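I have placed the structure first, in the form of structure tokens, so that the comments after it can refer back to it.
The values are calculated or read from the model by the stated rules, or taken from the named source; none is laboratory data. A quick note: this is a predicted structure, and the numbers were derived from the prediction, not measured. Using ideal geometry, Cβ is built from the backbone for each residue, glycine included, and neighbour counts are taken over all protein chains shown.
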Amino acid sequence: MGIAYRKQNLLDWITQQWVILFGKKINNTDHKWLVGPFGGTNGIGIRFIRHLAEKEHLIIDNERKNKGLIQSIEQLNLSKDELNTLSSDVVEFYQSTANYELKLKVKWNPFFKIFGVLLNLIFSRRIEQLNVPIKSIASSEALTNDIIHLINPTTKEVNRIVWLRAFQTTGQVVYSGVYETCTIPSGKTCIKAIFPLPYGNATVILSPKVGQDGGLILESAGKQIGDSGFYFLLKDSNGQLWAKYIKSFEDKLVVSSENKKIRATQTLTLWNLRVLRFLYEIEKITPHTEV
């Protein structure tokens, strides 16, 4: 059995050892679709972005406008009928995400609040990642919305896209994730969101489809490694990769547009019970609004 790195926070070591004990050995060759960047032990946030750029010999593009989570909606390989149905406003949001302002509401299932408290106290604040508010937010709270492109200095191609979101009032990082598309073993093209953690990451693979109203529906739900869903990945002290698939945890995101206003609803469930719901109000920045 593998052993997690010893020189780190004890709670991180215990979590990683749990992944090793109950997870599965993987390798870069057979699981290229799953593997993504890992974090260090000195926090995530902007420091991780600088470290990733240095490690992969990339340049951070400091231009803040006209950057998207994906460079083209064609990357999702949707059917022709789905592309014709998909809202043009939703397409524009995904292709130029940085041109929008985000406001967030949070609704917790009271039964699961204790999990949020523990996550916050033990991990989130310390590692600057997954800082989900403990209290439900009834009124919208503004988020920063930074799309950071890491560029190959030779080819000038975008090699990594990072989406960094924090509360504007406190600067507390909510999410710092690397976003890309991947093709899972079934051949389905999915969106992959990689949230770096010490010596590993939490990866959510979301399968896209288009609703009848033109909204984009992204779901992470499956039964085993190879499906869309939620994964923990890590590297042990011998350099061996491990993955743990959490089939009881599901994520559904619906991004839709009505009267040129974009809204997103993200619902997280555990054992088919709603844990919490994020409600995003998304508004395009006007030319006179400062970014």
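Go through (1) within 21 Å of Asp146 (Cβ to Cβ); (2) in contact with a Gly (Cβ under 6 Å, 6 or more places away or on another chain); (3) not small (Gly, Ala, Ser) one by one and return the number of the condition Asn99 breaks.
(2)
When region 211-236 is examined, which residues are found to be assigned to a loop (DSSP other than H, G, I, E, B) and either touching a Gly at 6+ places or on another chain (Cβ under 7 Å) or crowded, with 20+ Cβ neighbours inside 10 Å (or both)?
Residues satisfying the conditions are Gly215, Ala221, Gly222, Ser228, Asp236.
For region 123-166, enumerate the residues that are among the β-branched types (Val, Ile, Thr), modelled with pLDDT under 85 and within 22 Å of Arg277 (Cα to Cα).
Hits for region 123-166 are Val132, Ile134, Ile137.
Could you list all residues from region 1-31 that are surrounded by 11 or more Cβ atoms within 10 Å (Cβ to Cβ) and among the charged types (D, E, K, R)?
Of everything in region 1-31, those that are surrounded by 11 or more Cβ atoms within 10 Å (Cβ to Cβ) and among the charged types (D, E, K, R) turn out to be Asp12, Lys24, Lys25.
Checking Gly171 against (1) exposed (fewer than 13 other Cβ atoms within 10 Å of the Cβ); (2) touching a residue at least 40 places away in the same chain (Cβ under 8 Å), only one condition comes out false. Which one?
Gly171 satisfies all of (1) exposed (fewer than 13 other Cβ atoms within 10 Å of the Cβ); (2) touching a residue at least 40 places away in the same chain (Cβ under 8 Å) except (2).
Among Glu180, Glu219, which is the only one that is within 17 Å of Gln71 (Cα to Cα) and in contact with a Lys or Arg (Cβ under 6 Å, 6 or more places away or on another chain)?
Step by step, each of Glu180, Glu219 is checked, and only Glu180 is within 17 Å of Gln71 (Cα to Cα) and in contact with a Lys or Arg (Cβ under 6 Å, 6 or more places away or on another chain).
Out of the residues in region 175-189 meeting the condition of being among the β-branched types (Val, Ile, Thr) and over 15 Å from Arg47 (Cα atoms), tell me which one is surrounded by the most Cβ atoms within 10 Å (Cβ to Cβ).
Across region 175-189, the extreme among qualifying residues is Ile184.
Answer yes or no: is there a residue in region 51-67 that is part of a loop (DSSP other than H, G, I, E, B), surrounded by fewer than 17 Cβ atoms within 10 Å (Cβ to Cβ) and at pLDDT 90 or above.
Yes, because at least one residue in region 51-67 is part of a loop (DSSP other than H, G, I, E, B), surrounded by fewer than 17 Cβ atoms within 10 Å (Cβ to Cβ) and at pLDDT 90 or above.
How about region 239-251: which of its residues are surrounded by fewer than 17 Cβ atoms within 10 Å (Cβ to Cβ) and out of contact with any Phe, Trp or Tyr (no Cβ under 7 Å at 6 or more places or on another chain)?
Across region 239-251, the qualifying residues are Gly239, Gln240, Lys247.
Table: residues versus (1) among the β-branched types (Val, Ile, Thr); (2) modelled with pLDDT of 95 or more; (3) exposed (fewer than 13 other Cβ atoms within 10 Å of the Cβ).
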residue: Leu253; (1), (2), (3): no, yes, no
residue: Asn259; (1), (2), (3): no, no, yes
residue: Trp271; (1), (2), (3): no, no, yes
residue: Arg277; (1), (2), (3): no, no, no
residue: Glu281; (1), (2), (3): no, no, no
residue: His288; (1), (2), (3): no, no, yes
residue: Val291; (1), (2), (3): yes, no, yes
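Does Pro185 satisfy the criteria of being modelled with pLDDT of 95 or more and not in a strand (DSSP E or B)?
Considered against the rule, which asks whether it is modelled with pLDDT of 95 or more and not in a strand (DSSP E or B), Pro185 comes out as yes.
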